[in-house]
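Novice: Sharing a structure below in structure tokens format, with a few things to ask.
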Amino acid sequence: MLKQLLSILILFLSISAFSQEVEQCGHTAYMEYLESINPGIKQNMDATFKQALAQSKIKTKTSQDTIHTIQVVFHIVYNTAQHNLSDDLITSQLRVLNECYTRTNPDTINTRDIFKPVAGDAGIRFVLATRDPSGITTNGIVRVQTALTAFGSSPTSLAMTDRVKQTAYGSEAWDTDKYLNIWVCDLSSRGRDGLLGYAYPPTGVDNWPGTSSFATADKQGVVLHYKIVGENNPSSLATGEKTAVHEVGHYLGLRHIWGDGGCTVDDYMEDTPLASAANQNCYPSINSCYSAQPDDLPDMIENYMDYTPGKCQNMFTQQQVAQMRANLTIFRTTIFSTYIPVPPAVIATLRKLGILNFPPPIKCPFGVFSSTLTNEVFVSLGELPEDDASQYVIKFFTPLGQVVHEATLSNEAYQAVNGMTGLHGAFIYQLTKNGDEIAKGKVVLGF
Ligand SMILES: [Zn+2]
């Protein structure tokens, strides 16, 4: 019994000891916490990181051109109305993630010239889930009220904050192999903002001994403080909506740009300069490892994996991008779908040359027409009576029968089906009139 009490005490101490300093990102502390409940997981994460690192150095044009799409569910766990962020804030956060992971954010113009050549486009898209794990239609935002006024504690305990992932206090993860789960809650402690977010990095290196290091699927995902989610969040803390970009970076296997150590410790990314510690200001002249290495470039305060305010964060490097993509294709293989986008200019040229005969001529026969190039689907209902009041609905299923899209059509002879842009692959469609099937077939989208 004494032995058990001692081990509980040691476990408690090991969980709380690392968190004496307040860190805005709990990534490193979270790895320690996961280690305490899953011995071996830290080593597994290191091995996982190194395997992806080796892969990230093998660049091929094709591997960089594909777009990876990840479906996301936001769990808004609130105690007061203030925590219960609006749909607008959530969708603006998603847009910022998409901009930063495709390097289309407007502030890329602020990347300094010395770093422009190494800036990278991750080619990763995030879409709100349209179906929950049971196949029920959803907007990808779950709202759960909690009796807890806040999830933070002093000193910070990630065992306490992780309660946001339990039904008793928060919202349980959706299948973490299929969805990126992002929990939003109050991470403050006694009214103080310290921890702004943390994430679960990939694990799963081949032939790893034992199974304990894998037993945490229910915790996978990202946790964010409600004050830093979305653009123009009324609380407006300095790191703002770029915090989510940082935490998703950890989820996809990136480390802090200063390597969580001094100038002798690296983040293993060859295109990020050394840094002695986290930067929390936008000072462009800072070069914290200059004395250790006189040819060192200034600290990359633009990098999302630093602690700098969001207004000066605007880039990942090419190797960081390659590392995240390698992690996806080796360790998070079920979380994304992939397609190779066709540049709009190529589609326009093909249409001009008459090679791409899509959309088809207006007077096409009854049926459903799709273009694998443009991801468009058109429905022709044929000759319709002028006062037709029937209800036409089209549904798209995966080959396994899961509904992925449903649209009620207007009573027009010929029309496009909206909302198909996120779908890539082979689908079964079913067209119904007043509930009765009138057509069924296959469409292939997005290649
Ligand atoms: Zn971090």
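Novice: Sequence-distant or interchain residues sharing an amide H contact under 5 Å with Gln71, placed H: which?
Specialist: Val127, Leu180
Novice: If you average the C-alpha positions of the stretch 386-404 and of the stretch 264-304 separately, how far apart do those two centres end up, in angstrom?
Specialist: Using only Cα atoms, the two centres lie 55 Å from each other.
Novice: Between Glu412 and Gln166, with labels modelled 7 Å along Cα→Cβ, what's the label distance in nm to one decimal, could you check?
Specialist: Inter-label distance under the simple model: 5.4 nm.
Novice: So the label point goes 7 Å from the Cα of Thr398 along Cα→C-beta, right? Which residues of the stretch 310-338 then have their backbone N under 15 Å from it?
Specialist: Only 333-338 fall inside the zone, counting backbone N under 15 Å.
Novice: Separate question: Report the gain in length on full extension from Thr334 to Ala277: 0.36 nm times residue separation, minus Cα-Cα distance, nm rounded to one decimal.
Specialist: Numbers: separation 57, 0.36 × 57 = 20.52 nm, distance 3.49 nm.
Going from the current span to full extension adds 17.0 nm.
Novice: If we sort 155-162, 100-107, 431-438 on the protection proxy, mean other Cβ atoms within 10 Å, highest first, what's the order?
Specialist: Details: 155-162: 20.5, 100-107: 17.1, 431-438: 12.5.
Packing order, densest peptide first, comes out as 155-162, 100-107, 431-438.
Novice: If the chain between Thr372 and Val265 were fully stretched, how many nm would it gain, using 0.36 nm times the residue separation less the Cα-Cα distance? The partial results should precede the final answer.
Specialist: Values: separation 107, 0.36 × 107 = 38.52 nm, distance 4.75 nm.
Full extension of this stretch gives 33.8 nm more.
Novice: What net charge do the residues around Arg131 carry, taking every other residue with its C-beta under 14 Å from that of Arg131, with Lys and Arg at +1 and Asp and Glu at -1?
Specialist: Details: positive: Lys178, Lys395; negative: Asp132, Asp175, Glu406.
Overall, the nearby charge balance is -1.
Novice: Can you compute the modelled spin-label distance between Asp132 and Ile58, with each label point 7 Å from Cα toward Cβ, in nm?
Specialist: In this crude label model, Asp132 to Ile58 measures out at 4.2 nm.
Novice: Per DSSP H run of at least 4 residues, take -39500 (n - 2.57); add these up for the chain, divide by its residues and hand me the 222 nm value, nearest 500 deg cm²/dmol. Kindly include the intermediate steps, with their values, before the conclusion.
Specialist: Values: 9 runs with 99 residues, N = 447.
Result for the chain, helices only: -6500 deg cm²/dmol.
Novice: Excluding Val223 itself, calculate the net charge of residues whose Cβ lies under 9 Å from the Cβ of Val223, where each Lys or Arg counts +1 and each Asp or Glu counts -1.
Specialist: Working: positive: Lys165; negative: Asp162, Glu247.
It works out to a net charge of -1.
Novice: Please order Glu386, Glu231 by the number of other Cβ within 10 Å, starting at the fewest.
Specialist: Neighbour counts put them in this order, fewest first: Glu386, Glu231.
Novice: Determine the percent antiparallel among the DSSP beta bridges restricted to the chain, to the nearest 5.
Specialist: Details: 39 of 60 bridges.
So the antiparallel bridges in the chain amount to around 65 percent.
Novice: Would you mind computing, in nm to one decimal, how far apart the modelled labels at Gln43 and Ile109 are, each placed 7 Å from Cα along Cα→Cβ?
Specialist: Calculated label separation equals 5.2 nm.
Novice: For Gln323, what charge total do you get from the other residues with a beta carbon under 10 Å from its beta carbon, if Lys and Arg give +1 and Asp and Glu give -1?
Specialist: Values: positive: Lys57, Arg255, Arg325; negative: Asp267.
Residues close to Gln323 contribute a combined charge of +2.
Novice: Of Pro273, Ile330, Met300, which is farthest on the positive side of the dipole of the stretch 2-339, counting Cα position, with +1 on Lys and Arg Cβ, -1 on Asp and Glu Cβ, and the Cα centre as origin?
Specialist: Ile330
Novice: Moving on. Let me know the Kirkwood hydrodynamic radius for the stretch 344-445, please, with Cα pairs as the basis and the value in Å to one decimal. Spell out each step's value before the answer.
Specialist: Values: mean 1/r = 0.0693 Å⁻¹.
Across the stretch 344-445, the inverse of the average 1/r is 14.4 Å.
Novice: Sticking with this structure for a sec: Just Asp296, Asp132, Asp387 to compare: in a GNM of the chain, with alpha carbon springs under 10 Å, which one fluctuates most?
Specialist: The residue that fluctuates most here is Asp387.
Novice: Compute the Cα gyration tensor for the stretch 393-447, then decide on rounded, prolate or oblate, letting a ≥ b ≥ c be the square roots of its eigenvalues: rounded whenever a/c is under 1.5, prolate when a/b is larger than b/c in the other cases, and oblate in all that remain. Display every interim value, and only then the final one.
Specialist: Values: a/c = 2.02, a/b = 1.34, b/c = 1.50.
Oblate is the answer for the stretch 393-447, as a/c is 1.5 or above yet b/c matches or exceeds a/b.
Novice: Residues of the stretch 76-116 with amide nitrogen under 19 Å from the 7 Å Cα-to-Cβ point of Arg143?
Specialist: 76-94
Novice: What FRET efficiency would be calculated for the residue pair Glu437, Asp175, taking the C-beta separation as r and a Förster radius of 30 Å, to the nearest 0.05? Display every interim value, and only then the final one.
Specialist: Details: r = 30 Å, r/R0 = 1.00.
The formula returns an efficiency of 0.50 here.
Novice: Can you put Tyr304, Tyr392, Tyr226 in order, fewest other beta carbons within 10 Å first?
Specialist: Listed from fewest to most nearby Cβ atoms, that is Tyr392, Tyr226, Tyr304.
Novice: Within a 10 angstrom radius of the beta carbon, how do Tyr198, Tyr33, Tyr283 rank from fewest other beta carbons to most? Write down the numbers at each step before the final one.
Specialist: Values: Tyr198 28, Tyr33 25, Tyr283 13.
Neighbour counts put them in this order, fewest first: Tyr283, Tyr33, Tyr198.
Novice: Amide H neighbours of Gly194 under 5 Å, counting only residues 5+ apart in sequence or on other chains, H built in-plane at 1.01 Å?
Specialist: Ser189
Novice: Continuing with the same structure: How would you classify the stretch 2-339 from its alpha-carbon gyration tensor, with a ≥ b ≥ c the square roots of the eigenvalues: rounded for a/c under 1.5, else prolate if a/b is greater than b/c, otherwise oblate? Present the calculation step by step, with values, prior to reporting the outcome.
Specialist: On the way: a/c = 1.28, a/b = 1.19, b/c = 1.08.
Rounded, because the longest to shortest axis ratio a/c is under 1.5.
Each value in this text was obtained by applying a stated rule to the coordinates, not by laboratory testing. Note that the structure is predicted; figures quoted are calculated from it, not measured. Note that we place each Cβ from the backbone using ideal geometry, even for glycine, and neighbour counts take in every protein chain shown.
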